[in-house]
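Below: the structure, in structure tokens.
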Amino acid sequence: MPTTAPHLSPLCELPVGATARVCELKGDENFCQRVREMGFGEAALVTKVSGSTTSLCQVNGTRIALSHDAAMNILVERLPDSAR
Amino acid sequence: MNLPPHIVSPGKKRPAHGDRTPVYALVGNPNCGKSTLFNALTGLKQKVGNYPGVTVEKRIGETYSQHGKPIKLIDLPGAYSLAARSPDEAVTRDVLLGRRADTPQPDRILCIVDATNLERNLYLVHQILDLGRPVILVLNMMDLAKKAGLHVRVTRLEQELGIPIIACEAVNGRGLVELKLAMSRADLPLARHRWDVPVAVAPAVAELQASLTDSDARSPLVARAEALLLLTDFDTVRVAGSTPLSWRTTGILETWQKRWDGEGTDWAGSLVNSRYEAINRLCTGLVQQDGTAGPSTSDRIDAVVVHPLWGWLVLGSVMTALFLSIFTFAEIPMNWIAAHVALLATWMKGAMAPGDLRDLLADGAIAGVGSVLVFLPQILILFFFVGLLESTGYMARAAFIMDRLMSRVGLNGKSFIPLLSSYACAIPGIMATRTIEDPKDRLVTILVAPLMSCSARLPVYLVLIAALLPGDAVPMLTEVGIMLLMYALGTLGAFGFAWLFKRTLLKGAPPMMILELPPYRLPRLRDVVLQMLERASLFLKRAGTIILGISIVLWFLTTYPKHPDPAATATQQIAHSFAGRAGHLLEPTIKPLGFDWRIGIGLITSFAAREVFVSSMGVVFGVEESNEKNTTPLREALRKAAWPDGAPVFTALVCLTLMIYYVFAMQCMSTVAVVKRETNTWRWPLFQIAYMTGSAWLVCFVVYQTGRALGY
């Protein structure tokens, strides 16, 4: 298992309203592939819309709901609010 | 369906159309408007909803070219990628690759994309262009794109790809003429667009492509597309579909995967990324955004609907409104149907000479079918609501809200949609599980779906509630209260068993849900009504076939053999009949639940379908329909029913126990058949019958015996 860079945090911990860049996908390979295919891959920009356990995110103009375990496996880097 | 026999090997040259009917496939991401377009083109009544996974099986329809020639259309389930992750996506992939013996391989492909989300939608298009078939790209939802301030340069995209591109608003019928013109063209160009796979992956693609061409009889282009699929999917069996891959191809694939695993490089990931890079290049300067768009209407609605607190209140209100309207609005049409069925039976009795034939028609056929027909209005209302929730886009929000609760029992929010549909009928519910990616989660959902109280249980509950409460007029609130209790019991049972199965039989990884929430749309009343009517006609078909058949068979079984004494009472006659004997045989096993042999007859016959219980009781207790409220005569008969020692059979406790029995027991042949088809084995439907009916007996035993001990 590759070690995770310290500045990365799981998507589920991203506060509502914050924007982040997807940096790393962990866990089941099938899941990672599907996330990438849905345009949620590395380098995608994601904004958290709502949710603490189940996350609701905006990616490329699409609303996507992710269960807690799914959001745990998407590691993101939070962007400063001014970069949005 | 009379389809042309042209399932040609993709390795051969595409046949010239000549007089043969060309076959088009409609493909696209979930919820991009494929089914709406399919309806607009064919006029066929097909289910259209606004949540991912409405089309879970392909549908075939027909349209006409501008020259009046027929064109076959296949509407395929929505997919994000040809690397299928769920059974519904596998249908799409297999039809496109010509792996389904029951479906012709499409000659041409209509790719539908949502213009508001071009890049994501183009991923699937990009994979389809690899197949080397003529493609027409339909940019749907141009109206929504305009509203969002997006301008798509259609001509430029057309130049880049080299295929016809039609801007379209399927909902309003705009762009359909242009689309039909393009579909009528005899010479559709092949795509010009080419992309390069990463250099490190290219040798693997080339080697697999050669093997697929030589050993698996694929055409070079399809072989390349399939080689790319095999490298992005880790479940080769699933990718190969029904046709297993040759040992040579499997060997090559394994060697490459081992090599990459050893190197620690994620080539599957880089294949997806390089496709997206190609799409990004394609899209640069293609879409212009006017200014900065503020929050859309969907955003504003979502602020309330998916709010941690308001969201639950909205969901609760929707569910309450749903159940209340089933019980209030349906009453007038129900009484009307009951009165007319009774009139027909009375007329029949007056018009025919007394005898077995008259009794067969009046007491068997009319009374039996009539007692089930009464529930048509409630079923219509239920399906109307489900259709409304689907077409507005709320259903996906409900799945989002329910995900937290579902994850407690080891399932995810996606299982909620099939479970909610199962309140109407378990069959569409079980079909809808095809959108669930994880096979174990899908199986658990299939196993527990029939525990959700379906519309066929309504007749049983209503009759038993009427028998349970004293007095002629059942208070509305009490009726709804008991009914909600039964619904809650079934729902709790479904969640409880899901929890149990996920921890024992079908242990699996924690659920990973990734679900797209479509933008809200105003419901299209036409689609909702069409869907409701389709369901109603299925119900009527069932009433006209299975239920009519069972009513007649049951009448025969309760009438013959005739009692030796012609003056015997109806009760003596039934006790002497075949049905009576079967009921007596069953009585020892159901007596601990407080049920007598006559209820036993109902339990046996309603294994075909739960609502048959009501008509069976009608026949067993010799109820003649009257002009009064439909449940009154049957209720009176049930109240009069007694054990040999004179004690009443249908005490309040027995009615309650019987309702609980129907909450849990697996009493539906059609569901058994669908579960067999969906799981492809008899093992799971048999297991389902055993665990559901077993738990029904156990719960009823505990409830009845406890009730007795408490003096009820």
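The values are calculated or read from the model by the stated rules, or taken from the named source; none is laboratory data. All values derive from a computational prediction rather than experimental measurement. Neighbour counts run over all protein chains shown; Cβ positions are idealised from the backbone, glycine included. Areas reflect the complete protein model, heavy atoms only, side chains present, ligands, DNA and RNA absent. Shrake-Rupley method; radii C 1.70, N 1.55, O 1.52, S 1.80 Å.
Selection over segment B:98-126 of residues that are within 28 Å of B:Glu277 (Cα to Cα), within 25 Å of the chain's Cα centre (by Cα) and open to solvent by 10 Å² or more (accessible area, probe 1.4 Å) gives a count of 1.
Within segment A:51-64, restricting attention to residues that are at the interface with chain B (Cβ under 7 Å from one of its Cβ atoms) and more than 11 Å from the chain's Cα centre (by Cα), the residue that is surrounded by the fewest Cβ atoms within 10 Å (Cβ to Cβ) is A:Thr53. Within the option set B:Gly413, B:Gly368, being on the phi < 0 side of the Ramachandran plot, within 17 Å of the chain's Cα centre (by Cα) and either assigned by TED's automatic domain parsing to the domain that holds B:Arg610 or crowded, with 24+ Cβ neighbours inside 10 Å (or both) holds for one residue only, B:Gly413. Condition first: closer than 30 Å to B:Val480 by Cβ, of a type in the set (A, V, I, L, M, F, W, C) and either within 10 Å of chain A (Cβ to nearest Cβ) or buried (at least 16 other Cβ atoms within 10 Å of the Cβ) (or both). Now tell me which residues in segment B:284-317 satisfy that. Selection gives B:Ile301, B:Val305, B:Val306, B:Val314, B:Leu315.
When every residue of segment B:424-437 is checked against the conditions, at least one turns out to be within 22 Å of A:Gly51 (Cβ to Cβ) and within 15 Å of the chain's Cα centre (by Cα). So which residues in segment B:167-219 are small (Gly, Ala, Ser) and closer than 19 Å to B:Leu157 by Cα? If the condition is that a residue be small (Gly, Ala, Ser) and closer than 19 Å to B:Leu157 by Cα, then B:Ala167, B:Gly175, B:Ala182, B:Ala191 are the ones that fit. For segment A:15-29: of the residues being open to solvent by 10 Å² or more (accessible area, probe 1.4 Å) and in a loop (DSSP other than H, G, I, E, B), which is farthest from the other protein chains (Cβ to nearest Cβ)? It comes out as A:Pro15. Of B:Ala115, B:Ala83, B:Ala90, B:Ala79, all but one fail to be more than 24 Å from B:Ala167 (Cβ to Cβ), at pLDDT 85 or above and not assigned by TED's automatic domain parsing to the domain that holds B:Arg275; the exception is B:Ala83. If you go through segment B:321-345 and keep only what is modelled with pLDDT of 85 or more and open to solvent by 60 Å² or more (accessible area, probe 1.4 Å), you end up with B:Trp336, B:His340, B:Leu343, B:Leu344. A search for C-beta distances below 8 Å between a residue of segment B:493-512 that is closer than 17 Å to B:Asp438 by Cβ and away from every other protein chain (no Cβ under 14 Å) and any residue that is open to solvent by 40 Å² or more (accessible area, probe 1.4 Å) and not small (Gly, Ala, Ser), counting only pairs 6+ apart in sequence or on different chains, returns B:Trp499/B:Arg408; B:Leu506/B:Lys440; B:Lys507/B:Lys440. Given the criteria part of a loop (DSSP other than H, G, I, E, B) and over 23 Å from A:Arg63 (Cβ atoms), does B:Ser422 qualify? Criteria not met by B:Ser422. Here the condition is being without any contact (Cβ under 8 Å) to a residue 12 or more places away in the chain, of a type in the set (Ser, Thr, Tyr) and at negative phi; of B:Ser270, B:Ser317, B:Ser325, B:Ser298, it holds for B:Ser317 alone.
For segment A:30-37, the count of residues that are within 22 Å of B:Pro519 (Cβ to Cβ), within 7 Å of another protein chain (Cβ to nearest Cβ) and not acidic (Asp, Glu) is nonzero.
Residue by residue, here is whether (1) within 14 Å of another protein chain (Cβ to nearest Cβ); (2) surrounded by 22 or more Cβ atoms within 10 Å (Cβ to Cβ); (3) at pLDDT below 90 holds:
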| residue | (1), (2), (3) |
| --- | --- |
| B:Ile165 | no, yes, no |
| B:Val171 | no, no, yes |
| B:Leu176 | no, no, no |
| B:Lys180 | no, no, no |
| B:Arg192 | no, no, yes |
| B:Trp195 | no, no, yes |
| B:Leu208 | no, yes, no |
| B:Pro220 | no, no, yes |
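There is at least one residue in segment B:423-439 that is within 24 Å of B:Arg535 (Cα to Cα) and within 14 Å of chain A (Cβ to nearest Cβ).
A count restricted to segment B:416-459 and to residues that are among the charged types (D, E, K, R), more than 14 Å from B:Phe501 (Cβ to Cβ) and surrounded by fewer than 23 Cβ atoms within 10 Å (Cβ to Cβ) stands at 2. If you check B:Met395, B:Met486, B:Met406, B:Met431 for being in contact (Cβ under 8 Å) with a residue 12 or more places away in the chain, in contact with a Leu (Cβ under 8 Å, 6 or more places away or on another chain) and part of a helix (DSSP H, G or I), only one passes: B:Met395. Quick one: in segment B:663-678, of everything that is surrounded by fewer than 22 Cβ atoms within 10 Å (Cβ to Cβ) and in contact with a Lys or Arg (Cβ under 9 Å, 6 or more places away or on another chain), which residue is nearest to B:Thr605 (Cα to Cα)? Taking the candidates together, the pick is B:Ser670. If you go through segment B:520-535 and pick out every residue that is within 14 Å of another protein chain (Cβ to nearest Cβ) and open to solvent by 50 Å² or more (accessible area, probe 1.4 Å), you end up with 1.
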